[in-house]
1. Would you point out the residue of the range 442-454, among those that are surrounded by fewer than 19 Cβ atoms within 10 Å (Cβ to Cβ) and part of a loop (DSSP other than H, G, I, E, B), that is modelled with the lowest pLDDT?
2. When residues of the range 292-313 are filtered for being buried (at least 18 other Cβ atoms within 10 Å of the Cβ) and assigned to a strand (DSSP E or B), how many remain?
3. Here is a list: 339, 353. Which entry is crowded, with 16+ Cβ neighbours inside 10 Å, farther than 20 Å from residue 433 by Cα, at pLDDT below 85 and not hydroxyl-bearing (Ser, Thr, Tyr)?
4. For the range 171-199, which residues satisfy the criterion of being outside any loop (DSSP other than H, G, I, E, B), exposed (fewer than 15 other Cβ atoms within 10 Å of the Cβ) and over 31 Å from the mean Cα position of the chain (by Cα)?
5. Determine, yes or no, whether residue 381 is loosely packed, with under 13 Cβ neighbours inside 10 Å and either in contact (Cβ under 8 Å) with a residue 40 or more places away in the chain or more than 19 Å from residue 437 (Cα to Cα) (or both).
6. Could you check how many residues of the range 190-222 are touching a Ser or Thr at 6+ places or on another chain (Cβ under 9 Å) and over 17 Å from residue 37 (Cα atoms)?
7. Is it true that some residue in the range 127-138 is touching a helix residue (DSSP H, G or I) at 6+ places or on another chain (Cβ under 9 Å), farther than 30 Å from residue 230 by Cα, among the acidic types (Asp, Glu) and in a helix (DSSP H, G or I)?
8. Any residue in the range 36-46 that is part of a loop (DSSP other than H, G, I, E, B), crowded, with 21+ Cβ neighbours inside 10 Å and in the same structural domain as residue 117 (by TED's automatic domain parsing)?
Amino acid sequence: MTPGGNAAPDLAWPADLKDSVRRLPEASQVWVALSGGLDSVFLLHLAARCLPKGRNLRAVHVNHQLQTNAQDTERFCQRLCNDLNVPLTVERVTVARRDVEGERTGGIEESARQARYAVFERVLGPGHLLLMAHHGDDQAETVLFRLLRGSGVRGLAGMPVSRGLGAGVLHRPLLVFSRQQIQSWAVQAGLQWVEDPSNRHEVHDRNFLRHSVIPRLKSRWPSLIKRMTHSAQACREQQELADALAQIHYASVAGGEGRLRVAQMAGLSPVEQKNLLHWWITRAGYRFPAVADWGPVLKDLLESGPDREPELRGEGFALRRFHGWIYLVPASEGGEAPGPDRALLPSKPVTIGPWRLSVCPVANPAGSAPPIRISTRQGGERIRPRPDGPSKPLKKWLQEERVPPWERTRIPLVFEDDGGQAELVAVGDLWLSDKYCGEAPATGWRIVVERECD
């Protein structure tokens, strides 16, 4: 903390440092992620000193409750924010502890990171900007760490300056500066901060790189940070090109509803196929599977016999092939069917998975809406696809319509319960009885079923 409780004097802070926060993207609220360590304390002082007047500034501190000095650090952050007249939000989280080997491989660090980012997502509202104090050394550690893990171009691109987070945006204004520069400026300004005791434990891979590897690399190559920053930028540009190519391919093979045409996919080269799947999976918010050899996987997905239904499972999703299509299926859709029946009432839409159902009057119908309920397959249901045609088992109709097996037990069925007889009047967004659709439905009511498409 600086004497008097004001933001640190800028002393000889260079113009490009001050501009890093003076020229932030537009935001209705600016947050600083405050851990209490050197980097985040310096960033908070920098923001308090250099942000233009009128930019709302707040700080958020996540107490992981893992270190012996966790409560002291929380109190330090509160005093610092009081001195700077910056409102502080404190969130305490519980992180599952792992064994030493798990910690070495990043288990507890990753759990803490996930808990921390979950807090950030909760506090960020639309138009909010979260500042994080990652600097050039952090970027070098990230790139080197991912290189050792065998990451591709996307991983070697390192941390972006900005990216979406929850309803807001995460921004790293200090990425172009080194840890040595930041520490020098902080010492000159007389700042105080709290040391995290876990930062000294080289059982963590990142700490080992930070304390034992990168200093030796710097001694041999003094411009290491600058070189690795350039390499990360080059990888980021290559990834942008790969993503642009994937979008072109996606436009030619996509069929909506989270699926790709196998025939068109087969016309791409294996590298293009893998690139498209990588873009498609990560865009949906999933982690791309770590597969040692994609050749057999792609061959199985695209070339196995028509009687086969190949599948590739990932974290939280699966790629499945069915009748000439590859589907991206959330893991939740492979479980049991949704719960009990639900009534469908006027002005009260119902959402089930990707489906949204509603019923509304057409013109001025006589009387109230018929009793309508939403259910899922129980077995024995029948459907009459044409008003003047025969009925048939719903199971057979779904097979004829080539509805994927994993959707058949989850697709919402709409029944009209009138006079003790339950009549099937809608099957998801696939079929709707004439009684409830068209310009002038016979019942005077229209059922609308919408499905969120990819």
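The values are calculated or read from the model by the stated rules, or taken from the named source; none is laboratory data. Keep in mind that what you see is a predicted model, and the values were worked out from it rather than measured. Note: ideal-geometry Cβ built from the backbone for every residue, glycine included; neighbour counts use all protein chains shown.
1. Within the range 442-454, the match that is modelled with the lowest pLDDT is 454.
2. So the count comes out to 1.
3. Checking each option against the conditions leaves just 353.
4. Matches in the range 171-199: 180, 184, 187, 188.
5. Working: loosely packed, with under 13 Cβ neighbours inside 10 Å: no; either in contact (Cβ under 8 Å) with a residue 40 or more places away in the chain or more than 19 Å from residue 437 (Cα to Cα) (or both): yes.
So residue 381 fails the test.
6. Filtering the range 190-222 for residues touching a Ser or Thr at 6+ places or on another chain (Cβ under 9 Å) gives 190-194, 196-197, 202, 204-207.
Next cut, over 17 Å from residue 37 (Cα atoms) only: 202, 204-205.
Count: 3.
7. no
8. First, the residues of the range 36-46 that are part of a loop (DSSP other than H, G, I, E, B): 36-37.
Add one more test, that the residue is crowded, with 21+ Cβ neighbours inside 10 Å, and what stays is 36.
Those left that are additionally in the same structural domain as residue 117 (by TED's automatic domain parsing): 36.
Within the range 36-46, one or more residues are part of a loop (DSSP other than H, G, I, E, B), crowded, with 21+ Cβ neighbours inside 10 Å and in the same structural domain as residue 117 (by TED's automatic domain parsing).
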